[in-house]
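J.: The structure under discussion is supplied below as structure tokens; questions concerning it will follow.
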Amino acid sequence: MQNLASIHKRKNLHPRITTMNNQRFIGHLSLFAAYMIFAFNIIVCKEIMLSAYMSPMGLFFFRSVGAGALFWLLSLFVPRNVFNAGTKEKAEKVPTKDLLAILGASVVGLVFPQLTFLEGISLTTPLDCSLLVILTPIFTMFVAAIVLKEPITLKKAGGVALSFVGVILLIFNSVSLGGGATTTKPLGVVLLILNALCFALYLGIFRPLISRYSVVIFMKWMFLFATLLSFPLCAKEVFAVNYAALPADYYWRVGFLIFFATFTAYFLIPVGQKVLRPTIVSLYTYVQPLVASVISIYLGMDQLTWQKLVAAAAIVGGVVLVNRSRAAKVEDGE
């Protein structure tokens with residue numbers, strides 16, 4: 001009888017495990033796509049900053065307004081429950097206490113990271129920028145351990161370290177894509193470290209809040225708050241731009257940043273945040289230098305070597321190792 005009961009229990013668990021595995025696969029795919037977009041975002045942002053037509057704060061304001069408008073538009077025309085699968089919140093209404101929490105998430109996960117990145121990228125070399133951005137998974141692992149009581153297992157620490165070594169190897173064996181500062185200024189280093197720390201805090205602190213709402217509902221409020229908060233800081237720069245002097249290709253670049261690097265990427269990231277732990281989400285930061293290296297090889301600015309293959313294997317291996325850590329099994333009920 002005991003054996004029959006255990007067999008029946010395992011049969012009942014199979015559909016749940018299959019559903020979880022499917023959700024996690026979609027989460028991984030969404031994060032990979034988002035950070036691939038971010039890799040192109042680095043290149044496009046550098047081109048825009050070098051043109052000097054618009055300040056970093058002005059560019060952030062347009063990204064915030066554009067993406068926010070798209071999320072609010074999507075929420076009006078898409079049926080309410082389409083993006084609510086797997087969430088606890090089935091209604092559009094968000095209570096005041098959660099709106100205040102989303103305001104905090106907007107500051108920590110959107111306003112500060114975007115402003116520090118856009119300012120910092122103009123004050124650092126491409127190499128140093130890549131090195132500083134990849135601090136995010138390390139910060140996230142410690143934030144998750146403190147806030148979410150997520151244990152730092154040997155597998156998890158080993159996975160983060162393995163991916164980190166892979167990225168370092170990749171960066172130092174790649175030819176710079178060019179653009180940006182010729183020397184790194186101390187302020188640029190500080191800003192990019194703050195960028196990594198802020199996004200790590202966002203991934204670790206606000207995951208429970210994100211899991212309660214659909215992506216569209218959460219993001220439309222995030223970007224609304226970001227727009228309202230950034231306008232007093234960015235208004236001067238926005239009105240100072242000579243829009244008549246902007247070349248046509250500049251509008252295309254800004255359009256890419258708004259639609260793909262902001263709206264699409266920030267739509268995809270919460271999909272992964274809902275089903276994957278913060279440490280795994282942050283590890284996809286390592287996709288950025290990996291994709292940048294592929295782009296440089298394709299453009300003939302770099303060469304494929306055995307060091308790059310080893311680096312790529314280390315990055316992927318680290319992600320797999322963290323994903324298979326004991327904490328992942330406990331959380332997912334495996």
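J.: Sorted by mean Cβ packing within 10 Å, highest first, what order do the peptides 33-43, 59-69 take?
T.: Values: 33-43: 20.4, 59-69: 22.6.
Result, highest mean Cβ count within 10 Å first: 59-69, 33-43.
J.: Greater than 21 Å separation of Cα atoms is the criterion. Which listed pairs, Lys46/Lys220; Lys46/Lys185; Lys93/Lys220; Lys46/Lys308, meet it? Show your work: numbers first, answer last.
T.: On the way: Lys46/Lys220 27 Å; Lys46/Lys185 16 Å; Lys93/Lys220 13 Å; Lys46/Lys308 24 Å.
The answer is Lys46/Lys220; Lys46/Lys308.
J.: Taking the mean number of other Cβ atoms within 10 Å as a proxy for protection, how do you rank 102-108, 149-155 from highest to lowest?
T.: 102-108, 149-155
J.: Based on alpha-carbon positions alone, could you give the equivalent ellipsoid semi-axes of region 118-273 from the gyration tensor, as √(5λ), descending, whole Å? Walk me through the numbers on the way to the answer.
T.: On the way: eigenvalues 173, 119, 43 Å².
Listed largest to smallest, the semi-axes of region 118-273 are 29, 24, 15 Å.
J.: In square nanometres, what is the average projected area of the Cα convex hull of region 208-261?
T.: The number I arrive at for region 208-261 is 5.1 nm².
J.: Can you list the HN-Hα couplings for region 315-325, worked out from phi with the Karplus curve (6.51, -1.76, 1.60; θ = phi - 60°), rounded to whole Hz and with x for Gly and Pro?
T.: 4, 5, x, x, 4, 4, 5, 5, 5, 9, 5
J.: Let me ask you something else. Which of the peptides 261-271, 237-247, 216-226, 185-195 is most tightly packed, and how do the rest follow, judged by the mean count of other Cβ atoms within 10 Å per residue?
T.: Going from most to least packed, we get 216-226, 261-271, 185-195, 237-247.
J.: A further question follows. Evaluate Rg over Rh across region 27-332, taking Cα atoms for both radii and Kirkwood's formula for Rh.
T.: 0.96
J.: Can you work out D for region 233-288 in µm² s⁻¹ from Stokes-Einstein, where Rh is the Kirkwood radius over C-alpha pairs, the temperature is 4 °C and the viscosity is 1.567 mPa s?
T.: Translational diffusion coefficient: 92 µm²/s.
J.: Also, I was wondering about something else. Using a simple charge model, +1 on the beta-carbon of Lys and Arg, -1 on the beta-carbon of Asp and Glu, nothing else, what dipole does region 27-332 show about its Cα centre, in debye to the nearest 20? Spell out each step's value before the answer.
T.: Working: 22 positive and 12 negative charges, 185 e Å.
Approximately 900 debye in magnitude.
J.: Please turn the phi angles of region 191-200 into ³J(HN,Hα) values with the Karplus equation 6.51 cos²θ - 1.76 cosθ + 1.60 (θ = phi - 60°), one per residue in order, whole Hz, x for glycine and proline.
T.: Per-residue couplings from phi come out as 5, 6, 5, 4, 4, 5, 5, 4, 5, 5 Hz.
Every read-out reported here was derived from the displayed coordinates using simple, explicitly stated rules and does not represent laboratory data. Keep in mind it's a predicted model, so treat the numbers as computed, not measured. Cβ coordinates were reconstructed from backbone atoms using ideal geometry, including for glycine residues, and neighbour counts include every protein chain displayed.
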